[in-house]
Amino acid sequence: MFGFTEDMTEKQELVRKFCEDWVYPNLAEIDAGKCCPDYIWEEWCKIPGFASPCAPKFTGGEEMPFATCCAMWEELGKADVGVATGFGSNNLGSFPILLTGTDEQKKEHFGNLLQGKFGAFGLTEKGAGSDAGAVATEAKKEGEYYILNGDKCYITTSGKAIETKSTLAICASTDKSLGSKGLTMFLIPGDTPGLTAVKEEDKMGIRGSQTCELHLENVKLHESRILGGPEKGLGFGFKTAMMTLDAGRCVVAAQANGLALRVIEVLVDYCNNHMDGGRPLSKNPAATFKIAEIEAQTQACRQLVYHTAFMRDAGLNHGHESCCAKIVATENAINATRVAMDIMGVNGIRKADPSTPQGIMEKLYRDARILSIYEGTNQVQRLVVTNGLFPKKKK
Ligand code: CAA
């Protein structure tokens, strides 16, 4: 891959080895649950720095470059997008703290993550999905404290974060009259009274990733729990969330590329071994040209992901590129699974052990579907790209 650093190659190979040992052989168990089994996560955390790749050095972490994280998550996504999403929650749930947290908040949060606990990013609500600025969870000021009430939905690994008494980044409105400018991000310890995970979702795909609803009832927090502190952090929650997603969307695109690479691998193997009319399917251009097209799209998508990641590592604005990468990479991955089923016919839709060639494509198809939905639907990505192309005139 053009531009891959030694570190990216080394970490990607470590992830590949991990997946060969722990993910590929256990896909049936992962797909049967609602969360990645603990023993797989525990093995992941044994690899130095992996529990929280972006943890800053002063908190005891390795502070891996973002491009390295993308290379790792491409490889994890190739094995299982659910596992990649669940483990990736420690990136997404940490970006707000990295971006705006105080040093004390970083030490607390990454101290938890480096012990093998999960983080979580609590933005979405039933009435605030695509319109993230409409967050209704309220944080009312009472002296030096805030009292939070409301509900969050589809929050990855939040049940685990609460169970292990880790730290969650949660967005609430501190001033409803200001709309999105009245949103504030809080760093909430998982064992705070009134914070509960009330429902674990049962999803068609990415079953290796835990998705929960959260209920906040009179959650009392000192103002020092505002991310960045009360002076800097008050009213900065929406921007923190958007900057978090600038990174998160690129990671989703990397995972999508991983899934597309897996589809290609499965298809090449299938075409080499499946005989049709007395010759292998690999001799039939009607099939191989379709695979070539997926390969071309996937390689282009990978270049865009790493270009975006290098921009982020260089400190450049990359939100626009991140949205572009998410659009093309996720739609390519979804399309790849659809085309694969056309080529494989009934062999592609059969339900069987996903760790076998007979059962993998049906699972990849189910896993791919979320990619164009989470971390901002692809319509939201198009909106952000459009706003970049046609900027609003300042009044
Ligand atoms: N970086 C910094 N600032 C940003 C920004 C960014 N990327 N994007 C917007 N802002 C700023 C703007 O500059 C503006 O600031 P000023 O008013 O000071 O100029 C302010 O934020 C408001 O911006 P917009 O007018 O663009 O805001 P909007 O309300 O029109 O936002 C939206 C529209 C882009 C659709 C936004 O609501 C959005 O991204 N929605 C999707 C939310 C989303 O992706 N949710 C996913 C949740 S996480 C998840 O799914 C993960 C999981 O658990 C698996």
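Each reported figure results from applying straightforward, stated rules to the coordinates on display, with no laboratory input. Small disclaimer: the values here were computed from a predicted structure and weren't measured. Heads up, the Cβs are rebuilt from the backbone with ideal geometry, glycines too, and the neighbour counts pull from every protein chain shown.
Can you give the FRET efficiency to the nearest 0.05 for ASN317 and LYS176, using r as the Cβ-Cβ distance and R₀ = 45 Å? With R0 = 45 Å, the Cβ-Cβ based efficiency is 0.90.
Classification of segment 1-113 by its C-alpha gyration tensor yields an oblate form. The axis ratio a/c (a ≥ b ≥ c) is 1.5 or more, and b/c is at least a/b.
From the Cα gyration tensor of segment 342-395, with a ≥ b ≥ c the square roots of its eigenvalues, which class applies: rounded if a/c is under 1.5, or else prolate if a/b is larger than b/c, or else oblate? It is prolate, given that a/c is not under 1.5 and a/b is the larger ratio. Summing charges over neighbours of ASN257, with a neighbour being any other residue whose Cβ is under 9 Å away from its Cβ, gives +1 when K and R count +1 and D and E count -1. Note on TYR24/ASN284: beta-carbon distance plugged into 1/(1 + (r/R0)^6) with R0 of 25 Å gives a FRET efficiency of 0.35.
Looking at the chain alone, DSSP beta bridges between its own residues are antiparallel in about 90 percent of cases. Loop-located trypsin sites (Lys or Arg not before Pro) in segment 9-87 (DSSP state not H, G, I, E or B) with no more than 13 neighbouring Cβ atoms inside 10 Å: LYS46.
Sort TYR374, TYR145 so the one with the fewest other Cβ atoms within 10 Å of its own Cβ comes first.
On the way: TYR374 20, TYR145 13.
In order of increasing Cβ crowding within 10 Å: TYR145, TYR374.
What do the square roots of 5 times the Cα gyration tensor eigenvalues come to for the chain, in whole Å, largest first, as semi-axes of the equivalent ellipsoid? Kindly include the intermediate steps, with their values, before the conclusion.
Numbers: eigenvalues 276, 95, 76 Å².
Over the Cα atoms of the chain, the ellipsoid semi-axes are 37, 22, 20 Å.
The gain in end-to-end length when the LYS141 to ASP7 segment is fully stretched comes to 43.6 nm, 0.36 nm per residue minus the alpha carbon separation. Per-residue extension of 0.36 nm, minus the Cα-Cα distance of ILE47 and VAL346, leaves a gain of 103.7 nm for this segment. Legend: ranking of residues TYR365, TYR306 from fewest to most surrounding C-beta atoms inside 10 Å; resulting order TYR365, TYR306.
When CYS45, CYS212, CYS19 are arranged by Cβ crowding within 10 Å, least crowded first, meaning fewest neighbours, the order is CYS45, CYS19, CYS212.
Taking 37 °C and 0.692 mPa s as the conditions, I'd like the Stokes-Einstein D for segment 115-158 in µm²/s, using the Kirkwood hydrodynamic radius from alpha carbon pairs. Please report the intermediate quantities before stating the final value.
Working: Rh = 12.0 Å.
It comes out at roughly 274 µm²/s.
Using all pairs of distinct alpha-carbon atoms, the Kirkwood hydrodynamic radius of segment 140-203 works out to 13.0 angstrom.
What full-extension length gain, to one decimal in nm, is calculated for GLU217 and ALA134 as 0.36 nm per residue of separation minus the Cα-Cα distance? Can you show the working numbers first?
Values: separation 83, 0.36 × 83 = 29.88 nm, distance 1.92 nm.
So the chain would gain 28.0 nm between GLU217 and ALA134.
Could you give the angle, 0 to 90 degrees to the nearest 10, between helix 378-389's Cα long axis and the longest principal axis of the Cα atoms of the chain? Result, in degrees: 70. Per residue, the convex hull around the alpha carbon atoms of segment 207-314 comes to 154 Å³. Cross-link reach is defined here as a Cα-Cα straight distance under 19 Å, omitting same-chain residues fewer than 8 places apart; for LYS107 the lysines meeting it are LYS57, LYS117, LYS165, LYS232. Shape descriptor for segment 273-388: Rg over Rh equals 1.08 (Cα atoms; Rh from the Kirkwood inverse mean 1/r).
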